[in-house]
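What follows is one structure encoded as structure tokens, with my remarks underneath.
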Amino acid sequence: MPREVSRESEVRYRNPTAYAKYVRKSFECMRADSYRVEITERLYYRATKDKKIEQWLEDNLSQLPDCMKSLNDITAVTGGRIVSCVCRLINYNNISTEICAADRFNELGQLCSAMTSQSVIRTTNVSEIEEQVRYNSIFWTPEAESAGFKAKA
């Protein structure tokens, strides 16, 4: 069993495997069905050695459920939805979020694969993901189309 230490003085776990188990059990985002969170072994290791990195990791994991809800809400505004999302916490201040969004469905409500778009968003923390999505064009209907114009070839 890992030796737990006071959070104020040191990092909680000295063993990356025990810390990874704690993270999987303690954070809602690690058990989500609608998106996936991947954390590198290197980040787990560094979090067990550096309190600042441990705090950064846990703060970002705590913010992910609300962030993912916001992303779904943003895409729903235009009638779209997020088809898949993988948030990779690679290292301290290094997050890569891969999002595949669809803005159209056929008459049966099935995803039209030709209407999906994929984007990779690189940020230093979770709060920046939502900000990036707000300005990323894959989540919005093209202006000409939303205004009712149809492009002619």
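Residue-wise, which Karplus ³J(HN,Hα) couplings in Hz belong to region 52-60, taking 6.51 cos²θ - 1.76 cosθ + 1.60, θ = phi - 60°, and x for glycine or proline?
4, 5, 4, 5, 4, 4, 5, 4, 5
If you filter region 8-103 for trypsin sites (Lys or Arg not before Pro), then keep DSSP loop positions with at most 14 other Cβ within 10 Å, what is left? Display every interim value, and only then the final one.
Details: sites: Arg12, Arg14, Lys21, Arg24, Lys25, Arg31, Arg36, Arg42, Arg46, Lys49, Lys51, Lys52, Lys69, Arg81, Arg88; in loops: Arg12, Arg14.
Counting only loop positions with at most 14 other Cβ atoms within 10 Å, the trypsin sites (Lys or Arg not before Pro) in region 8-103 are Arg14.
Just to be sure I understand the model, the point goes 7 Å from the Cα along the line to the Cβ. What's the resulting Tyr22 to Thr124 distance in nm?
2.6
Each value in this text was obtained by applying a stated rule to the coordinates, not by laboratory testing. A quick note: this is a predicted structure, and the numbers were derived from the prediction, not measured. All Cβ positions, even for glycine, are placed from backbone atoms using ideal geometry, and neighbour counts span all protein chains on display.
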